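Some notes on the structure that comes next.
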Amino acid sequence: MKKSIVLLVLTLLAIECSANNLQAFSTKGKKVTVYTTASNTDLRLTLTATKSFAPADQPLESEVSVFVNPNKTFQTFWGIGASITDASAEVFAKLPKSKQEEFLKAHFDTEEGIGYTLARVPIHSCDFSSASFTYVSDEDKELKTFTIDHDRQYRIPLIKKSIKAAGGKLPLYASPWSPPAFMKTNKSMLQGGKLLPEYYQAWALYYTKFIKAYENEGIPIWGITIQNEPMATQRWESCIYTAVEERDFLKNHLGPTMQREGLGDKNIVVWDHNRDLITNRANTIFGDPEASKYAWGIGFHWYEVWAGGEYMYENLARIKESYPDKKLLFTEGCVESFDAKKYQHWPNAERYGQSMINDFNQGTVGWTDWNILLDQRGGPNHVNNLCFAPVHADTKKGILIYTPSYYYIGHFSKFIRPNAKRVSTVSSRSHLLTTSFINEDGKIATVVMNQSDDKITYKMFIGQQAVEETILPHSIQTLIY
């Protein structure tokens, strides 16, 4: 009887706490610091205001509001970073030493830079390599010639310097663009084609050899994706898997091989392509318990607009509803069709801000930009698929060029740190996009992005306390409190 009474009291207390959860986070004595990046100004991650919370009345319909509930939290944040490609490493090597140091600080230092906390790396070549290559000799079906010597010239040195600049820890995941040509139906690493069934096992072993070779270099590998863009036949390195083919390769070959090779603790990410078809891939793989047990989560890109579609953010939410134990990871995005006249083109940055806010609000735990560095031509790229990066190097002048995209990414990566929890946050008007995370030290970072041509005054509410702020047209702010 006493036990029942105790349980009843505890239940009532839990209900009371839940009903009054807004009171659990106190704004008393808390300052709000505001950092701003804005179009047509010199503001770039600039501290623009320090304010205090004050009692606030019921907001009116004519007012613009941002509502934050710090006591309703969602996914745990993993990190933000970029891909260290052969192209990035080759460009980095051409920079003067002083600019190399500047670049590393700009990306990995939390005080002087934007504090990247993860990275992606290709398994052998991709389009952003100076040429196609693999780690084995042609027709080496037993992988006896496997070596990563190619990567020791440029890529591995940059990875090691990046890890050091990040404080000694930088989770790295790896992705293949294509198996070696002899393993494929079209006998080419380019133009799609498929993995031949007789090479399923050899290709599965290839991933494990890559992981072990990199870890022997002192570079820990967090995990792998199975295939970059498995539904895209590209003029560069590419390979096609249907959802069923990827499921069966994971279930019957890659997953068991990783286990047998002592790499069962490495994380495997499926899909690694756009948001439009992502639900079909999730249903096919995660719906099969024998395949799903090997999958940490699902990766995605933002290029669905190439096919004339729209950004399909809600597809991510449907996956979280159906498979709440699986993680969402943004694995690649860049602005295509490089034009040196558009380094400071503001819509490029807004594409990053829009994607990051929407992706995080749908449950995404990590966000990976494409090339961390490219040259003044948007390369090197061996098939002339030239693109933008947030930072470019003019290797002739020996300088770094920071685009607005770098600063927009920094509004997230600098202030939202690993193991933060996303916090319930909404805007009362569609002009403003917003998301919030509470860090392990108790500080909240609320990002607010203004997509409109208007200067907007808004109030950020926590319970009955608020801070009033003004956001410039086409700008982004991070409020820290």
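The values are calculated or read from the model by the stated rules, or taken from the named source; none is laboratory data. The structure displayed is predicted, hence computed values, not measured ones. Heads up, the Cβs are rebuilt from the backbone with ideal geometry, glycines too, and the neighbour counts pull from every protein chain shown.
Restricting region 334-359 to residues that are crowded, with 22+ Cβ neighbours inside 10 Å and small (G, A, S), which is farthest from F412 (Cα to Cα)?
If we take residues in region 334-359 being crowded, with 22+ Cβ neighbours inside 10 Å and small (G, A, S), then A349 is farthest from F412 (Cα to Cα).
Given the residues L205, L263, which is the only one that is in a loop (DSSP other than H, G, I, E, B) and either of a type in the set (A, V, I, L, M, F, W, C) or at pLDDT 95 or above (or both)?
On the way: L205 fails: in a loop (DSSP other than H, G, I, E, B).
Of the residues listed, the single one that is in a loop (DSSP other than H, G, I, E, B) and either of a type in the set (A, V, I, L, M, F, W, C) or at pLDDT 95 or above (or both) is L263.
Whether any residue in region 449-461 is touching an Asp or Glu at 6+ places or on another chain (Cβ under 7 Å), within 23 Å of Q362 (Cα to Cα) and assigned to a strand (DSSP E or B) is what I want to check. Step through it out loud before you land on a result.
Residues of region 449-461 that are touching an Asp or Glu at 6+ places or on another chain (Cβ under 7 Å), as a first pass: 451, 457-460.
Next, only the ones that are within 23 Å of Q362 (Cα to Cα) stay: 451, 460.
If we keep only those that are assigned to a strand (DSSP E or B) too, we end up with 460.
Yes, region 449-461 contains a residue that is touching an Asp or Glu at 6+ places or on another chain (Cβ under 7 Å), within 23 Å of Q362 (Cα to Cα) and assigned to a strand (DSSP E or B).
R275 passes all but one of (1) among the charged types (D, E, K, R); (2) buried (at least 24 other Cβ atoms within 10 Å of the Cβ); (3) without any contact (Cβ under 8 Å) to a residue 24 or more places away in the chain; which number fails?
Only one criterion is unmet by R275, namely (3).
If F182 satisfies all but one of (1) closer than 25 Å to L250 by Cα; (2) surrounded by fewer than 21 Cβ atoms within 10 Å (Cβ to Cβ); (3) touching a strand residue (DSSP E or B) at 6+ places or on another chain (Cβ under 9 Å), what's the number of the condition it fails?
In the conditions (1) closer than 25 Å to L250 by Cα; (2) surrounded by fewer than 21 Cβ atoms within 10 Å (Cβ to Cβ); (3) touching a strand residue (DSSP E or B) at 6+ places or on another chain (Cβ under 9 Å), F182 misses (3) alone.
Can you name the condition, by its number, that T233 falls short on among (1) of a type in the set (V, I, T); (2) crowded, with 20+ Cβ neighbours inside 10 Å; (3) assigned to a loop (DSSP other than H, G, I, E, B)?
Condition not satisfied by T233: (2).
If we keep just the residues of region 164-184 that are assigned to a strand (DSSP E or B) and touching a helix residue (DSSP H, G or I) at 6+ places or on another chain (Cβ under 9 Å), which is farthest from W222 (Cα to Cα)? Steps first, please.
Let us first name the residues in region 164-184 that are assigned to a strand (DSSP E or B), namely 172-176, 184.
Adding the requirement that they be touching a helix residue (DSSP H, G or I) at 6+ places or on another chain (Cβ under 9 Å) leaves 172, 174, 176, 184.
Details: L172: 5, A174: 8, P176: 15, K184: 27 Å.
Checking each candidate, the answer is K184.
Modelled with pLDDT of 95 or more, in a helix (DSSP H, G or I) and among the aromatic types (F, W, Y): is that true of F67 in this structure? Don't jump to the end; show me each part of the working.
On the way: modelled with pLDDT of 95 or more: yes; in a helix (DSSP H, G or I): no; among the aromatic types (F, W, Y): yes.
Taking the combined requirement at face value, the residue does not satisfy it.
Please work out which residue is surrounded by the fewest Cβ atoms within 10 Å (Cβ to Cβ), limiting yourself to region 26-53 and to residues that are touching a His at 6+ places or on another chain (Cβ under 9 Å) and assigned to a loop (DSSP other than H, G, I, E, B).
Looking at residues that are touching a His at 6+ places or on another chain (Cβ under 9 Å) and assigned to a loop (DSSP other than H, G, I, E, B), I get N40.
Being hydrophobic (A, V, I, L, M, F, W, C) and either in contact with a helix residue (DSSP H, G or I) (Cβ under 9 Å, 6 or more places away or on another chain) or assigned by TED's automatic domain parsing to the domain that holds S430 (or both) is the filter here; which residues of region 79-112 pass it? Reasoning before the result, please.
Start the filter on region 79-112 by keeping residues that are hydrophobic (A, V, I, L, M, F, W, C), which leaves 80, 82, 84, 87, 89, 91-93, 95, 103-104, 106, 108.
Correct list: I80, A82, I84, A89, F92, A93, L95, F103, L104, A106, F108.
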